[in-house]
Structures are given as C-alpha cells and as structure tokens.
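Working notes, beginning with the structure itself.
The values are calculated or read from the model by the stated rules, or taken from the named source; none is laboratory data. Small disclaimer: the values here were computed from a predicted structure and weren't measured. Ideal geometry is used to build each Cβ from the backbone, glycine not excepted, and the neighbour counts take in all protein chains shown.
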Amino acid sequence: MKETKRLKNYKDSLTMHLLNILLEWVIIVVAYFVSAALRRLTPLFMARHFAFSDAVSFSVIAYVSAAMNVAIYFIFGDYRTIHFRKLTSEAGRVLLVQLMSGYLISALLFWMKGGQFSRMWLILYVAVCWAMVMFKRIAFHYLSDRFFGKYLKKTRLIVLGGGGLARRYIEGSANLKGNRVEVVGYLSERENPEIPGYLGDESRLKEIISGKELSEVVIARGDISRNELKGILTVCHAANVSVFIIPMFNDFLMSGLRPVFREDIPGLCLFPIDIMRTEDVLGVNIAVTNMDQTIETITENLEKWKGEYICVSNVHTTVMAHDDENYRNIQNGAVMALPDGGPLSTYSRSNGNNTAMRVTGPDLMHEVLKMSPETGWRHFFYGSDKKTLKRLESKIKRDYPGTKISGMISPPYRALTEKEDEAYVRQINESKPDFVWVGLGAPKQEIWMAEHRGRIKALMIGVGAAFDYESGNIKRAPQWMQRANLEWLYRLMQEPGRLAKRYLFTNFKFLWLTRK
C-alpha cells in the first residue's frame, strides 16, 4: 500500500477497496440465511411454521439484494474510507438502505409468487443485516489504525506557541493511540522548560517548514493578530502545508465553523484555515475554498492579480487536464482553479478538507456584480454572441444598478488574426476594467486567458456558460439539484445532443479515476 497522511486506505489500494465491497456483499448474503435460521427457530405460538428450505429456494433474492445494497453504499460514498464521523448518522444510513432492501425483497417475492413467505422473516432479515453491517463497520473503524498503521505516513507538524494550549496539545499527541502524529517541536518567543522540542521563535517558520518535510502547522496561541495569521498562511501555502488553529472557548462558541472542526486530541478542537489551500484532483490544483472565502481572497488580491487569470473548473475540464499536459499546465498556471463541479469539492471533503464547497462561475459572477456598485469595480465581457451580450447588458443594468460595464466583445467563431487580437487587447485595456469575464467555453477560454496573461491589465475569469445563465438564455437547475450535484443532469436534459458524450463519458471516467 502507498503511504498516505491519513487513513484513506481505498484511495491508494484498489485491491483493498474491492475486498471491502466484497466483504460487505458476503455479510449481507450471510445475514439472509442467518435471519432464515432465526425465523425457523421462532416458536409456533408467535408465528406460523417456516421451512428453511423456502429461504434456500429463493436464495437468488439474497444475491440481488446484497448487490443492490452494495451499489447504494457505493453511491453514498461509504467505501471511500473505513472511518465514519458519527455513529448515529452511520447507523441511520445503514438502516435506511436495509429498509429499502427489505422493500425490494417483498416486491421480488410477490412477483415470484412467494407471497406466502414470512413477513416476520423479512423483519428479521432487515434487523440482522443492519446489525452485521454495523458490527463490521464499527470493528473496521476502531481496529483500522492498529492493523494498517504500519502502512501510514505520520502527520509531521510543528506547534506555534509555548503556553498552556501548546503544552496540552503536544502532550496529547504523544499519548495518541497508533502514534499517528509526530510533533517535531514548537516555535515561541521564549522557551518553556515544561515543553520539550523548542525550535526557536516564529521568525524561523519558513526555515523549519522547508527543512522538516512538514504536513501541518498547529497554532496554539490565543493572542495571534490578523497580520501575523496572514504571514503564517502565506509561508505555509507556498510550501503546501495545512494550517490549523486551536480556538479559545469564546471563539469556538461564536465561530460559524463548528461543523468543520477536527478533534485529534480529546477535548481540543482544531479549525482548519484553508485560505488558498489546494487539493490535487487528477493533477489539477483545485482550490480548497467556498464562496465567501473566494470573494474575500479576490478582494484582497485584486490589484496584485491584474494580468492573471482564474479558472472555474468542473469534472469535464479536470478530466481533459488529466489527459492533456499542456491544458493541465494552463489550469495550474491560474492564481486559482475554483471547484465549479460538485464532485471536485466532494472529493476534497473526502480527503479531510471539510471547508471545501462548490464555487460555480455563474454564482461567482453574480456575487461580484452584486458588490460592484459599492466597490466601484468595472467589468468587461468577452465571448458569446452579440444578441446574448445585449441581453446581458440589459439584465445587469436592471438587476445590478450602478454597476459599471467597461465594454463587451463578441469575437468571431474562428481563430483571430494577430491584428484583430491586438485591437481587442487594446480595446479592453483602454476601458480600464477590474474584471474581464471570459465566456468562450472550455478549453478555449482557459487557453485564451493563458495566452493573454500579462497582456490584459485586469483579472480574467473564465466562466463558461455564465453569460447565458445571467442573460436568461439558459435556465439554471433548481437549488435542490445543485445541492445534490445534479446540475449536470439538468443541463443534459436541456441539450442532450451536445452534452451527452461530454457528461456521461467524462463523469464516469472521473469517478473511475478518483475511486478510493
């Protein structure tokens, strides 16, 4: 097995992934016969006679039911890791699947003229299945580190701070079962004789990170300022090192981050600080972010990023980048590659990046336009056809009054001559926009932005079909479909001829390549 930072054993071992699926299938089949045996032992005063041979005659039901259960669990993502977060939610999900399975068996029996089959047996089957699957998952959850720990790379980290919080975290790490965490030392203004491993003051952070091959930095200080935090994040981001902070009690109560905390040391919560962190998804560095964080990052860096570009990546572009090194380099050359596709942020969360959320091109453009009357940002729109741009202009003036439109260009559907391209660049720069929204579709828009990096004096953002959405040409999927990562299905129903091959092929390929 490959070494991994945390126990996500199926990410790096297809064999173990398949073995776990097979084991669960076997358990469900065994539960079928165990429940039949229990029903056979039921006293006659409680239920009518039941012959075990009847269960054997209909054993095909066990195999079909087990296959269906495993398929549903696979869709739910239950095989991505052998750990679960909450026992109650795990138990509830397993019970739901088993009830669905019981309903399927009832329907199959009716269809196979097995209506005389025992309803009590069906109840026993659901209960035994639930108990056996839960027993297996709990056992795997608690025994996994013991049996797989030798294959895992330790989480190497340093602690910032030398007070009581730092001492408590370091002592707790030393007592962790499985020895999963290695605290290299701590940085503080002065050495604390009660804490071993003093490495110097925090000015040595960059030096320590580059020389110790660290994966995490834990901030155990209650007096850290915003500017200090930004400096730490800048250093850690450059080295692709995760940053966590141990909040004070009041911070914990008042923060909106309670759903994403991590508790490695009993009684101590860690909050991830994911500003500009990235997740490697098929070779593309997808930002670990959400909409609020993205807006804040763009606002803080807008002047510095003029001349740069942002990619809004989905499953289709990520699979294309995986297959094409040049396109992958273009994606990774962006100052940010945002997770437009829900599966991208879901993949990041499955790797422990709990703050990762979907940031779509249309939503990002909407949020930036909404802020523009107050900020004074100027916008240029490049792409689509003249009719769509005219409708878009009217819509912006109506819905975002006060927003400044620097200009719009609908380029021809062919390669531009050098003279045409220079004229467009001059027209864009002379209008002095802050943002250039590029709606050429992938991969054309990303290639165009990379070719014009440094030439366009504004932040370029490739937003695909956002012009059509915002202008009203294309209707967006309902919110429930967006939340369920099914917007692609809605788009497929709108344009099946154009999108069928792209969505069905690339979606399947993405699921296969990111299997865990």
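In the set 324, 363, 340, only one residue is in the same structural domain as residue 453 (by TED's automatic domain parsing), buried (at least 21 other Cβ atoms within 10 Å of the Cβ) and charged (D, E, K, R); that residue is 340. Number of residues in the range 206-226 that are of a type in the set (Asp, Glu) and over 25 Å from residue 171 (Cβ atoms): the value is 1. Screening the range 253-368 for helices (runs of 4 or more DSSP H) wholly inside it with 1 or more residues that are under 27 Å from residue 454 (Cβ atoms), in contact with a Ser or Thr (Cβ under 9 Å, 6 or more places away or on another chain) and at pLDDT 90 or above returns the ranges 291-305, 315-323, 325-332. Where helices (runs of 4 or more DSSP H) fall wholly inside the range 161-241, the ranges with 1 or more residues that are of a type outside the set (D, E, K, R), under 30 Å from residue 142 (Cα atoms) and outside the structural domain of residue 300 (by TED's automatic domain parsing) are 164-174. The one condition from (1) surrounded by fewer than 24 Cβ atoms within 10 Å (Cβ to Cβ); (2) closer than 20 Å to residue 314 by Cα that residue 466 does not meet is (1). Would you check which residues across the range 284-336 are hydroxyl-bearing (Ser, Thr, Tyr) and over 20 Å from residue 378 (Cβ atoms) and list them? Selection gives 289, 313, 317, 318, 327.
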